[in-house]
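Student: Just passing along the structure, written as structure tokens.
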Amino acid sequence: MDDQIRTAAFAWLEKQTQLHGDVLPRDVLEKGFDFKGRRITLPGPKGIWKAQNMEFPISICTTTNSPYKDALVGGKYLKYSYRGEDPYHPDNVGLRKLMQQGQPLIYFLGVVKGKYLATWPVYIVGDNMQGLSFSIAVDSNNIQVQTNVVEDQDLNKEYRRAYMTSNVLIRLHQRSFRERVLAAYQNQCTLCSLRHIELLDAAHIICDREDQGEPIIQNGISLCKIHHAAFDANILGINPDYQVSVRQDILEEIDGPMLKYGIQSMDKQRIILPNRKSDWPDKERLEIRFSEFLKAV
């Protein structure tokens, strides 16, 4: 029964990510799905969750207000803390059994309050009783990793899982940045007020590859995809006084209504700012970025 429920849960999550993206609302997960007349919920009120009629846990969860910190163990795998301090608590024993049997489960990582990055399948690959923690590895049958030089299949699997796990952390940071920035701007484009969240991006003021490119709200602006592309291409810029400037050659160009109303009409407008002043774009970063725009004029 456990295997059947896990398979059904993985298939259901695949459908949900097609609808919502890989960051899923908690209310969708808590509602769950029907399986042979039973309601299977993901996740539960506990970090380690065993759904109805299951012998072993089906999911683990790290929330935004969790006292536990995400960390890499040995530079390869995620650390997941025990429930409590008793290694033989039933929830900890359940995860240990999954490790022994090589059975997969689902990992929900809190991005912002009420939203989770859903990752599956993941495996318990280490048990540190002294440190009261498990090691978690992400795996996938679809990923292709260049490990031709390695003949040992176990080593191939270790490389693949380390690669997948590090990618999940990158995705977590990217999704967290996006969700926090969009929430600060009340899920609207700061230039045109478009509110269709599927058409919105969290644009970096300073690129994340640069020294001041931290993934913080003050280094982000909520932009629709057309204005994000225009911002990145220096077709328009935003100065430290939060005013938009459109490049002169673009202002002189004659084209259709998209250019006229979507870009040219933005010139000299002020952007829509977050309600909390602490979330407003950092002026120093805007000045650096605006100087790049002026060079392109």
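Student: Which of the residues belonging to segment 36-57 are free of Cβ contacts under 8 Å to residues at least 60 places away in the same chain, in a loop (DSSP other than H, G, I, E, B) and either on the phi < 0 side of the Ramachandran plot or in contact with a Leu (Cβ under 9 Å, 6 or more places away or on another chain) (or both)?
Tutor: Those that are free of Cβ contacts under 8 Å to residues at least 60 places away in the same chain, in a loop (DSSP other than H, G, I, E, B) and either on the phi < 0 side of the Ramachandran plot or in contact with a Leu (Cβ under 9 Å, 6 or more places away or on another chain) (or both): Thr41, Gly44, Pro45, Lys46, Gly47, Lys50, Ala51, Gln52, Met54, Glu55, Phe56, Pro57.
Student: Could you pull out the residue among Lys268, Lys225, Lys260, Lys277 that is among the basic types (Lys, Arg) and under 25 Å from Gly21 (Cα atoms)?
Tutor: Of Lys268, Lys225, Lys260, Lys277, the one residue that is among the basic types (Lys, Arg) and under 25 Å from Gly21 (Cα atoms) is Lys225.
Student: Of everything in segment 237-288, what is of a type in the set (Val, Ile, Thr), at pLDDT 95 or above and not in a helix (DSSP H, G or I)? Give them in sequence order.
Tutor: Ile238, Val244, Val246, Ile271, Ile272
Student: Moving on to the next point. Count, please, the residues in segment 11-32 that happen to be among the hydrophobic types (A, V, I, L, M, F, W, C) and either crowded, with 18+ Cβ neighbours inside 10 Å or in contact with a Pro (Cβ under 7 Å, 6 or more places away or on another chain) (or both).
Tutor: Total meeting the criteria: 4.
Student: For segment 172-196, how many residues meet the condition of being small (Gly, Ala, Ser) and not in a helix (DSSP H, G or I)?
Tutor: Final tally of qualifying residues: 1.
Student: What residue, of Ile288, Ile250, is assigned by TED's automatic domain parsing to the domain that holds Pro215, surrounded by 12 or more Cβ atoms within 10 Å (Cβ to Cβ), closer than 23 Å to Ala184 by Cα and touching a residue at least 12 places away in the same chain (Cβ under 8 Å)?
Tutor: Criteria check complete, one pass: Ile288.
Student: Additional query: Cβ-Cβ under 6 Å, sequence separation 6+ or interchain: first residue in segment 105-121 and part of a strand (DSSP E or B), partner among the basic types (Lys, Arg). Which pairs?
Tutor: Val111/Arg175; Val112/Arg180; Leu117/Arg175
Student: Sticking with this structure for a sec: For Asn234, state whether it is surrounded by fewer than 16 Cβ atoms within 10 Å (Cβ to Cβ), modelled with pLDDT of 95 or more and either outside any helix (DSSP H, G or I) or among the aliphatic types (A, V, I, L, M) (or both).
Tutor: No: the conditions fail for Asn234.
Student: Okay, next question. When you scan segment 253-260, do you find a residue that is surrounded by 14 or more Cβ atoms within 10 Å (Cβ to Cβ), without any contact (Cβ under 8 Å) to a residue 24 or more places away in the chain and out of contact with any Ser or Thr (no Cβ under 6 Å at 6 or more places or on another chain), even just one?
Tutor: Yes; the residues of segment 253-260 include at least one that is surrounded by 14 or more Cβ atoms within 10 Å (Cβ to Cβ), without any contact (Cβ under 8 Å) to a residue 24 or more places away in the chain and out of contact with any Ser or Thr (no Cβ under 6 Å at 6 or more places or on another chain).
Student: I want to confirm something. Restricting to segment 197-215 and keeping residues that are touching a residue at least 24 places away in the same chain (Cβ under 8 Å) and in a loop (DSSP other than H, G, I, E, B), which single residue is surrounded by the most Cβ atoms within 10 Å (Cβ to Cβ)?
Tutor: Selected residue: Ile205.
Student: Among all residue pairs at least 6 apart or on different chains, which show Cβ distances below 9 Å where the first residue, located in segment 17-28, is more than 15 Å from Ile197 (Cβ to Cβ) and the second is in a loop (DSSP other than H, G, I, E, B) and modelled with pLDDT under 95?
Tutor: Pairs found: Arg26/Pro43; Arg26/Lys113; Arg26/Gly114; Asp27/Gly114.
Student: Something else about it: For segment 1-10: of the residues being charged (D, E, K, R) and buried (at least 17 other Cβ atoms within 10 Å of the Cβ), which is modelled with the lowest pLDDT?
Tutor: Asp2
The values are calculated or read from the model by the stated rules, or taken from the named source; none is laboratory data. Being a predicted model, the structure only gives us computed values, none of them experimental. So basically every Cβ, Gly included, is an ideal-geometry build from the backbone, and we count neighbours across all protein chains shown.
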